[in-house]
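The values are calculated or read from the model by the stated rules, or taken from the named source; none is laboratory data. Note that the structure is a prediction, hence the values are computed from the model and not measured. Note: ideal-geometry Cβ built from the backbone for every residue, glycine included; neighbour counts use all protein chains shown. Quick note on the areas: whole protein, heavy atoms, side chains included, nothing else; ligands and nucleic acids left out. Shrake-Rupley method; radii C 1.70, N 1.55, O 1.52, S 1.80 Å.
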Amino acid sequence: PCAVLMRGLSGRRVVLTGAGGGFGSAIARRLVEEGCTVALLDLDGDAVVALAQELGEAAHAFTCDITDRAAVDAAVTGFVGHAGGVDVLVNNAGWDRFALFLDTDPALWDRVIEVNLKGPLHLHHAVIPHLRDAGGGAIVNVASDAARVGSTLEAVYAACKGGIISFTKTIAREHARDGIRANAVCPGPADTPLFHGMVDAGPLGERIHAALQKSVPLGRIAQPEDLPGLVAFLASDDAGYITGQVISVSGGLTMVG
């Protein structure tokens with residue numbers, strides 16, 4: 001393991017959603033390297049079981065559909081039984097299907113909203129009491145630059161992530177006196193299965209993919225390893241005076257003041 005870099009992060013107990021995916025598994029590895037105990041939540045139970053086996057006794061796998069409040073409560077309760085409490089919540093899980101808005105239907109809207117907006121609401125509602133009981137903590141919500149500037153083929157997803165940004169700021173205000181900080185990070189285009197789905201959406205997706213790669217000032221789309229450092233920082237005491245903020249990780253594709 002690498003040396004601990006973030007002040008106060010070692011020993012913290014973290015609930016991480018979407019832990020089986022590209023960003024999620026990279027975040028989990030970094031948090032375990034930093035000395036955290038991590039609950040790995042994902043709908044793909046096989047993925048988080050394999051990741052937990054890789055990471056060792058500091059990682060606990062939970063097969064969990066975040067759109068199901070009872071499943072969320074069971075996972076959080078199970079982790080608290082192992083770890084004794086929760087200090088950090090990282091909402092990373094997300095899902096979309098790329099399509100122009102007029103080519104979508106309410107059934108798709110509902111699914112996108114359930115995963116990307118209501119799912120994180122369930123996690124906040126279930127975890128914040130434990131953060132308060134612990135005397136404070138940190139919340140890091142993975143939103144998207146699609147929320148900040150819009151994104152063709154992602155209308156409802158962008159709307160949900162915009163909601164998460166506003167929700168994060170409100171939670172930061174409501175729970176500041178509880179010692180709970182909440183911040184949002186916004187990845188840009190990244191080399192994840194979700195992004196590769198854009199290419200599969202057809203010729204328009206292929207054109208957008210190519211245009212994005214050319215438009216990023218740093219000359220490449222993000223890799224999963226580009227996000228965990230910021231997540232670890234925001235969860236640590238090094239970010240102890242930072243709350244209610246939105247930070248992009250986009251290679252300069254978006255530069256929002």
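Values for this structure:
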| quantity | calculated |
| --- | --- |
| Table column - 3J(HN,Hα) (Hz), region 231-243, Karplus curve with 6.51, -1.76, 1.60, x for Gly and Pro | 4, 4, 4, 5, 7, 9, 5, 5, 10, x, 10, 10, 8 |
| Karplus-derived 3J(HN,Hα), 6.51/-1.76/1.60, for each residue of region 12-27, Hz, glycine and proline x | 6, 9, 10, 9, 10, 9, x, 6, x, x, x, 5, x, 5, 5, 5 |
| Peptide ranges 161-170, 27-36 listed from the most packed, as the mean C-beta count within 10 angstrom indicates | 27-36, 161-170 |
| Accessible area expressed per residue, the chain, with surrounding protein chains retained (probe 1.4 Å, Å²) | 44 |
| Long-range HN-HN contacts of residue 247 with modeled amide H, under 5 Å | 184, 185, 186 |
| Accessible surface of the chain [probe 1.4 Å, protein heavy atoms]: carbon and sulfur percent | 54 |
| Cα-based helix-to-principal-axis angle, 69-83 vs the chain, degrees rounded to 10 | 40 |
| Relative packing of peptides 212-223, 75-86 - highest average C-beta neighbours within 10 Å first | 75-86, 212-223 |
| Reach of residue 169 by Cα under 28 Å, taken over lysines that are not fewer than 8 positions away in the same chain | 118, 161 |
